[in-house]
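Reviewing the structure listed below.
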Amino acid sequence: MPGLLLRTLRGENLPARPIWLMRQAGRYLPEYRVLREQKGGFLALVYDTDAAAEITLQPIRRFGFDGAILFSDILIVPHAMGQDLQFLAGEGPHLSPALIDERLDALHSVPERLTPIYETVAKVRATLGSERTLLGFAGSPWTVATYMVAGEGSRDQHHTRAMAYRDPAGFQAIIDAITQTTIGYLAGQIVAGAEAVQLFDSWAGSLAPAEFERWVIAPNAAIVSALKARFPDVPVIGFPKGAGEKLPAYARETGIDAVGLDETIDPLWTARTLPAGMPVQGNLDPLALLAGGDELEVRARAVLEAFADRPHVFNLGHGIDKETPIAHVERLITLARSWRG
Ligand code: CP3
């Protein structure tokens, strides 16, 4: 029998709600910080498959979440496409050469950089009980492109948005290359044991409507249709952060099975605008979890009540803040577990 999370993603509206948290494997956990200290950095952890499997399982052991999300990063795809990748302490990621400086065909792909990730998936799957779901993931082409083009994170993705207007054919080639690598990468994760996958589109909110159609909806639709052709029963969760009023078109046109909602989305609006019965995931503000107190329970209960009429995976509206107290996460789990629709 598949677990609560997988059944919910497949469209069953069960009285109990599954729960997992974006970025649940990471810096708010003391046991993660110990391992990171020992291995000397984030990327070393990702490529050490025993360490990565252990970190994937840490939040499951501590809290018993319904889903384990693979410990890796969306920037492993540009690394495999041939960019150098570094995570400098306190500075965030750096990719080089940046595609504002260098043409795409100057990159030489290094597909072996994906192989350890599949090993991590297989190791986790071998340890995780059948009632827990193993989630694979990748970044969506638009969000990944913003890092590949600028070579780093940026506040409003302006280099990439400008390139997409200045040289649409050149930018299309970048998006297509990311799309193809991502299809192979997610297929590899599924073959290794991932039971559902999530596409993270953290910067979907920065695009104008026509650009959203072209750079968010179209490549995500291509990924979903390629995966569905090979793995029709593996749910795909799409998380277009900041998409706002473009969310209904995204949900209808990409072919995704479930949609992740950020904390700015009003559940009453989704009840009217998203396809009936489509599973949703979200959308407690991570800062409500950080702050804690009685307000945390009020807000978490409101999220649970608001999505009672459709399949709902309890989650945050974005990644958990690294300062979040463990006790607040424990309180949230207890509340979500005791709720019945
Ligand atoms: O969710 C999980 O627990 C699984 C692992 C995961 C990580 N990153 C680990 C990580 C996932 C799903 C991601 C996704 C990711 N990575 C996104 C999309 C989601 C989002 O949060 O918007 C993006 C944009 C990235 C790129 C990235 N990775 C940045 C900008 C940074 C540096 C900023 C930061 O938060 O430190 C990372 C590093 C990173 N990825 C860490 C972790 C645990 C922190 C590494 C450390 O310092 O130990």
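Every number in this text was worked out from the coordinates using simple rules, so none of it is lab data. Model, not experiment: these values are computed from the prediction. When we count neighbours, we look across all protein chains shown, and the Cβ atoms used for this are built from the backbone with ideal geometry, even at glycine.
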For PRO267, net neighbour charge (Lys/Arg +1, Asp/Glu -1) across residues whose Cβ lies under 14 Å away
-1
Table column - 3J(HN,Hα) (Hz), the range 5-18, Karplus curve with 6.51, -1.76, 1.60, x for Gly and Pro:
5, 5, 5, 5, 5, 7, x, 7, 9, 8, x, 8, 9, x
Theoretical gain in end-to-end length, VAL110 to GLN172 [0.36 nm per residue, Cα-Cα removed]:
20.2 nm
Only helices at least 30 Å long along their axis, Cα-based, and averaging 0.0 or more on Kyte-Doolittle count here, so list those DSSP H runs from the chain.
168-192
Using amide H atoms built 1.01 Å from N in the peptide plane, name the residues 5+ places from GLY242, or on other chains, whose amide H lies under 5 Å from its own.
ASP262
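Which order, highest average first, do 330-340, 13-23 follow once you tally other Cβ atoms within 10 Å for each residue and take the mean per peptide?
Final packing ranking: 13-23, 330-340.
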Write out the GluC sites (Glu not before Pro) in the range 37-96 meeting two conditions: DSSP loop, and at most 14 other Cβ atoms within 10 Å of their Cβ.
GLU91
Under a 5 Å amide H to amide H cut-off, with H placed in plane at 1.01 Å, what residues pair with ASN315 once short-range neighbours are removed?
GLY282, ASN283, LEU284
By a straight-distance test (C-alpha under 25 Å), which lysines pair with LYS246 as possible cross-link partners, with residues fewer than eight away in the same chain excluded?
LYS228
Expected sort for 75-83, 56-64, 133-141 on mean C-beta neighbours within 10 Å, highest first, is 133-141, 75-83, 56-64
Solution diffusion estimate, µm²/s, Stokes-Einstein, the chain, Kirkwood Rh from C-alpha pairs, 25 °C, viscosity 0.890 mPa s
122
What is the distance in Å between the Cα centres of the range 74-152 and the range 286-335?
29
In deg cm²/dmol, rounded to 500, what helix-only [θ] at 222 nm does the chain give when every DSSP H run of at least 4 residues adds -39500 (n - 2.57) and the total is split over its residues?
-14000 deg cm²/dmol
Looking at the range 4-338, send over the antiparallel percent of its DSSP beta bridges, to the nearest 5.
20
Exceeding 27 Å between C-alpha atoms, which entries from my cross-link table qualify? They are LYS241/LYS322; LYS123/LYS241; LYS39/LYS241.
LYS123/LYS241; LYS39/LYS241
What three numbers, in Å, describe the spread of the alpha carbons of the range 166-238 along their principal axes, ordered from the longest?
41, 21, 18
Highest mean first, how do 312-319, 248-255 rank when packing is the count of other Cβ atoms within 10 Å averaged over residues?
312-319, 248-255
